[in-house]
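The values are calculated or read from the model by the stated rules, or taken from the named source; none is laboratory data. Nothing here was measured: the structure is a model prediction, and the numbers come from that model. FYI the Cβ positions are ideal-geometry reconstructions off the backbone, even for glycines, and counts take in every protein chain you see. SASA here: full protein model, heavy atoms, side chains in, ligands and nucleic acids out. Shrake-Rupley method; radii C 1.70, N 1.55, O 1.52, S 1.80 Å.
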Amino acid sequence: MPGGDQELGSYYVGVDVGTGSVRAALVDQRGTLLAFADQPINQWEPQFNHHEQSSEDIWAACCIVTKKVVQGIDLNQIRGLGFDATCSLVVLDKQFRPLPVNHEGDSHRNIIMWLDHRAVSQVHRINETKHSVLQYVGGVMSVEMQAPKLLWLKENLRETCWDKAGHFFDLPDFLSWKATGVTARSLCSLVCKWTYSAEKGWDDSFWKMVGLEDLVADNYSKIGNQVLPPGTSLGNGLTPEAAKDLGLPAGIAVAASLIDAHAGGLGVIGADVRGHGLACEGQPVTSRLAIICGTSSCHMGISKNPIFVPGVWGPYFSAMVPGFWLNEGGQSVTGKLIDHMVQGHAAFPELQAKATARCQSIYAYLNSHLDLIKKAQPVGFLTVDLHVWPDFHGNRSPLADLTLKGMVTGLKLSQDLDDLAILYLATVQAIAFGTRLIIEAMESAGHSISTLFLCGGLGKNPLFVQMHADITGGNGKNEQSWESCVS
Ligand SMILES: Nc1ncnc2c1ncn2[C@@H]1O[C@H](COP(=O)(O)OP(=O)(O)O)[C@@H](O)[C@H]1O
Ligand SMILES: O=C(CO)[C@H](O)[C@H](O)COP(=O)(O)O
């Protein structure tokens, strides 16, 4: 993106595509937020563990939010546009038209979402190869990455999808292509989800060994043979067609994209904490762990030298902060798990009615309800008999076991609002203990982490943040120096 011409009165637009919604922000040259808009996006689950979206639906949502945030400003002062998105797999044919990723042949649903677990048999076979690229994803490839999903398409939708496919994009790269017509991929997505090495490029032997040799044969043109660092200005900027869709002038600089968690991580890990009296002031950036907490949680820690952490993705070179190695721990469902537990409880209609009557979010209501029922005890004591194991969608890190399931122990016959509030608390605590396990694994391998920086939808929940501070702070650390900062 342009750096030298940041004169006063310049605007920048950032578009963030999460799992459940698309958000746009308008910022000035100092990064001050001037306008914000969001728009929900559709998801389909045609069968258990199959999760699909539509690239046309997502692009339409990007257009709605972008038009909203630039309303009323001088469009000629917009200097740049950038996208981040979930690491979902977008499939297009040779003419760049959507292709179906489902047995129903519905080409509108042309995205296999990141949390889709259909490719279980494929990922087992990939892991059985013990190929050396697996060292760079924590030793075990996740079913949520792109190679098993590509293999699933080849083995299950050969005629309707695989043979017709011209382009497989990570969603962030699809968006930058849609905006500019440039098919170059971001180093961020290819390194983190596609086994590309920032130093050595593609490894032909991996793709041949797993049965995807056809991708090598055409010199990786379908998955990316031009790779650019995130933030690089693409082609001639915004095309006239995309400009019309987005309500922006053609030619604006468009940056090579980032995965959503990596954009969040980049945004908070370098936060300027001076002047707040925090113990982390003056500590190296490598002592920080950014946790991006939305539908899932992603734990982003950086180091100067590669650190191999069993069960934690990476080390990935320059995939988030240029020149640094990244390790990415994760919990596949966190916000989604909390929503699932709360919305599935018998007392949920009562909760909704009471929260609405007070004009509060259900989580603000639950947090104040916990304050009422905890009486004089610390909130943690409410769950001495109730425990949740949070791996309802498998364990991403550090156990790297997609077969794990969730569990609740200590249930009683009562199903009132108190029970719902305590089950919600136990779920939040279980997620925070999951984060603690990830930190312990990273520290055993050589990281030294002393501060958590949280962002994402769950960062709005003070209980979630407090539990992370309390539960990870007991990790043999001096609790005085353990902080969590929320952005
Ligand atoms: N005001 C709020 N208070 C508490 N939790 C919230 C609030 N808003 C959103 N959340 C939680 O955040 C999650 C969504 O976060 P978000 O960052 O929007 O997700 P994504 O980027 O995956 O679409 C929801 O699942 C919900 O649990
Ligand atoms: O795998 C990931 C990043 O590497 C993310 O979990 C995935 O992209 C979904 O993110 P979110 O929970 O913010 O929607």
Of the GluC sites (Glu not before Pro) in the range 148-202, which ones lie in a loop per DSSP and count no more than 11 other C-beta atoms within 10 Å? E199
About the Cα centre, and with charges only on the beta carbon of Lys, Arg (+1) and Asp, Glu (-1), how big is the dipole of the range 65-221? Nearest 20 debye, please. 320
Over the heavy atoms of S233, what accessible area does a 1.4 Å probe trace out, to the nearest 10 Å²? 60
If I model a spin label as a point 7 Å beyond the Cα along the Cα-Cβ vector, how far apart are those points for H387 and V285 in nm? 4.0
Rounded to 5, the percent of DSSP beta bridges in the range 267-395 classed as antiparallel: 95
Unit-weight point scatterers at every alpha-carbon of the range 172-327, Debye formula, q = 0.08, 0.17 1/Å: log10 I(q)/I(0) is -0.29, -1.07
Binning at 5 Å from 0, report for the range 52-93 what percent of all alpha-carbon pair distances ends up in each bin. 5, 15, 25, 21, 14, 10, 7, 2
Round to the nearest 10 and report in Å² the accessible area of T32, as given by a 1.4 Å probe over the protein chains' heavy atoms. 70
Among all stretches of the chain without exposed chymotrypsin sites (Phe, Trp or Tyr not before Pro) (DSSP loop, at most 16 other Cβ atoms within 10 Å), which one is longest? 97-307
Once the piece of chain linking Q415 and S448 is laid out straight, how much longer is it, given 0.36 nm per residue of separation minus the C-alpha distance between them? 7.6 nm
So, taking all protein chains as they sit and a 1.4 Å probe, how much accessible area belongs to D418, in Å² rounded to tens? 60
Exposure ranking of D74, D391 by accessible area [1.4 Å probe, largest first]: D74, D391
Would you kindly state how much longer the chain becomes between L278 and E104 on full extension, computed as 0.36 nm times their sequence separation minus their alpha carbon distance, in nm to one decimal? 57.1 nm
In terms of solvent-accessible area of protein heavy atoms at a 1.4 angstrom probe, what is the ranking of K208, K374, K154, K304, highest value first? K304, K208, K374, K154
Sparse-neighbour loop sites [trypsin sites (Lys or Arg not before Pro); the range 381-481; at most 14 other C-beta within 10 Å; DSSP]: K405, K412, K477
Restricted to the range 3-145, the DSSP antiparallel beta bridge percent, nearest 5, is 75
Virtual spin-label span in nm between L372 and K244, 7 Å along Cα→Cβ: 5.6
Furthest towards positive pole of dipole, V309, A421, S21, structure part the chain, Cβ charges: V309
Degrees between helix 362-373 axis and first principal axis of the chain (Cα, 0 to 90, nearest 10): 20
Semi-axes, largest first, in whole Å: what does sqrt of 5 times each Cα gyration tensor eigenvalue give for the chain? 35, 27, 24
Rounded to 5, the percent of DSSP beta bridges in the range 267-487 classed as antiparallel: 65
Can you give the convex hull volume of the alpha carbon atoms of the range 385-430 per residue, in Å³? 77
Residue-span extension gain [N305 to D203] - 0.36 nm each, minus C-alpha spacing: 34.5 nm
In nanometres, what is the gap between the two model label sites at R358 and R30, each 7 Å from Cα along Cα-to-Cβ? 3.7
Between A60 and R97, what's the calculated FRET efficiency when r is the beta-carbon distance and R0 is 22 Å? Round to 0.05. 0.90
In debye, nearest 20: dipole of the range 267-487 around its Cα centre with unit charges on the Cβ of K, R (+) and D, E (-)? 220
Average projected area of the Cα convex hull of the range 267-487, in nm²? 12.9
The range 394-465 and the range 116-158: distance between their alpha carbon centers, rounded to Å: 26
Accessible area in the full protein assembly, largest first, 1.4 Å probe, for H276, H299: H276, H299
Going by Cα centres, the range 180-222 and the range 277-304 are how many Å apart? 29
Listed residue (G456, F96, T295) projecting farthest to the positive dipole end of the chain, Cβ model: G456
Note down, for the range 175-265, the three equivalent ellipsoid semi-axes (square root of 5 times each alpha carbon gyration tensor eigenvalue), biggest first, whole angstrom. 28, 15, 10
Output the 0 to 90 degree angle, nearest 10, between the alpha-carbon long axis of helix 260-269 and the longest principal axis computed from the alpha carbons of the chain. 60
